[in-house]
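Values in this text are rule-based calculations from the coordinates and carry no lab data. Because the structure is a prediction, the values reported are computed rather than measured. Cβ atoms come from the backbone with ideal geometry, glycine included; neighbour counts cover every protein chain shown.
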């Protein structure tokens, strides 16, 4: 390509058009004959170094080793046996009768869809006057979102979980009368299952067991991290 693009080359600085490409391609056989004749006349040849890494000795040895590993793996875990069970080729775990991977589309169609809260809110407001006409003066229960409450109290490093818990209780007692704290947790299927799956992306945390006397090793929310 250098002979084509360089100064004084085939294009002569005018660019590469259809005419120049055709002339260059048709001249290659003739140039090859000239090159071969000059090498024979001068007794010299043109050779290049080993530029293909796939042909090096080290690469071929590694490829051969990988091929043997794959062969041994498939020999021990033959995936082509006349076995209709669903099993993991790596661990050998066999799925039981409850496995329904082949019915994934049917199962997905039966899952709850994401709630359209904006549409629901508009429908409720369009129903008319939804506010209470008379508010009770006694036996009022103040419902508190437990998830929001977690961000109210900073967790100080070195405090025990019992001390942290008492800080939440004191906070609620000072500000609310007859409170009811509701945490975002369900023991069965609920309308928020699809939201939980979307937010967690299918990742579940490990179960953490703690005691009242255990100390918090790190800081938490509000300039700290809850955990």
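Just a few scattered comments:
- Taking the fewest neighbouring Cβ atoms within 10 Å as the starting point, the ordered list for 46, 151, 168 is 46, 151, 168.
- Cα gyration tensor, the stretch 140-200 - rounded (a/c under 1.5), prolate or oblate: oblate
- Note on the stretch 53-88 and the stretch 133-174: Cα centroid distance 59 Å, given to the nearest whole angstrom.
- Net length gained if the chain between residue 188 and residue 60 were fully extended (0.36 nm per residue, minus Cα distance): 40.4 nm
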